[in-house]
Amino acid sequence: MTGDSGEGIDLHSFAVRLRRMNTEFNRIAHEFAHEHGLHITDVQALVTIFDSPSPITPSRLRQELNLTSGAVTACLDRLERAGHIRRVRDVHDRRVIHLHYLDAAKEFAAAFFRPLGRGTDNALRRFSPDELRTAAAFLDAMNEELDLLRATPRPS
């Protein structure tokens, strides 16, 4: 890669951009948590439950968030009391519990995050479909690399 001269973006410049975006996303998540009496872990759990292609189990949520089982239970208790999620036992195996993000809570979150959605839509409109496919491919590749990092034990 070349320097940040418009011809290309070096690794450092790209990393700065990614960190800035991550910092802003974290700021917004903290605002949502604060305004609604939640912990930031609760918001992370809600996002994980929302983004899951099928109902997620508490065990899978624990793995995704790297929490203890007690911390996940406390988080789910808070989210259930606040009306964000519902725990549902599996019809075939009553030992398995699935977490469902309630529709009313989704509408509640959508109202809060609507300005971010508009901003995202505004940014998307600046790029061609081919450019967006490239950006999506980069994000997918980054997430694959992050998954590999998560799976690799850190030296002590």
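A few comments on the model shown:
- Option label - mean projected area of the Cα convex hull in nm² computed here, alternatives (1) 11.2; (2) 12.7; (3) 9.9: (2)
- In this structure, the amide hydrogen of His98, modeled 1.01 Å from its nitrogen in the peptide plane, lies closer than 5 angstrom to those of Val88, Arg89, Asp90, counting only residues at least 5 positions away or on a different chain.
- Sorted on the mean count of surrounding Cβ atoms within 10 Å across their residues, most packed first, peptides 142-151, 31-40 read 31-40, 142-151.
- For Ile85, the amide hydrogen comes within under 5 Å of the amide hydrogens of Glu80, Leu102, counting only partners 5 or more places away or on other chains and with H modelled in the peptide plane.
- Near-label residues of the stretch 49-86 by backbone N, under 15 Å of a point 7 Å along Cα→Cβ of Val96: 53-61
- Relative contact order of the stretch 70-141: 18 percent, from C-alpha pairs under 8 Å at least 6 residues apart in sequence.
- From phi via Karplus (6.51, -1.76, 1.60), per-residue ³J(HN,Hα) for the stretch 98-114 in Hz, x at Gly/Pro: 10, 9, 10, 7, 6, 4, 4, 5, 4, 5, 4, 5, 4, 5, 5, 8, 4
- Protection proxy ranking for 45-51, 81-87, using the average of other Cβ atoms within 10 Å per residue and placing the highest first: 45-51, 81-87.
- Arg86-Ser156 pseudo-label distance in nm [points 7 Å out on the Cα-to-Cβ vector]: 4.5 nm
- Computed from the C-beta positions of Val16 and Ser69 and an R0 of 35 Å, the FRET efficiency is 0.40 to the nearest 0.05.
- Amide H to amide H distances under 5 Å link Asp10 with Asp4, where only residues 5 or more positions off or on other chains count and H is placed in the peptide plane.
- Listed peptides 53-64, 121-132 by packing density, highest first (mean Cβ within 10 Å): 53-64, 121-132
- Across the chain, C-alpha contacts under 8 Å between residues 6 or more apart give a mean separation that, scaled by the residue count, equals a relative contact order of 13 percent.
- Computed [θ] at 222 nm, deg cm²/dmol, the chain (DSSP H ≥ 4; -39,500 (n - 2.57); rounded to nearest 500): -22000 deg cm²/dmol
- When only the Cβ of Lys, Arg, Asp and Glu is charged (+1, +1, -1, -1), the dipole of the chain relative to its Cα centre reaches about 580 debye.
- Derived scalar couplings ³J(HN,Hα) [the stretch 64-76; Karplus, 6.51 cos²θ - 1.76 cosθ + 1.60; whole Hz; x for Gly, Pro]: 4, 9, 6, 10, 6, 5, x, 5, 5, 4, 4, 4, 5
- Taking a ≥ b ≥ c as the square roots of the eigenvalues of the Cα gyration tensor, an a/c ratio of 1.5 or more together with a/b no larger than b/c marks the stretch 77-156 as oblate.
Computed from the coordinates by the stated procedures, all read-outs in this text should not be read as laboratory data. What you are looking at is a predicted structure, and each value in this text was computed from that prediction instead of being measured. Heads up, the Cβs are rebuilt from the backbone with ideal geometry, glycines too, and the neighbour counts pull from every protein chain shown.
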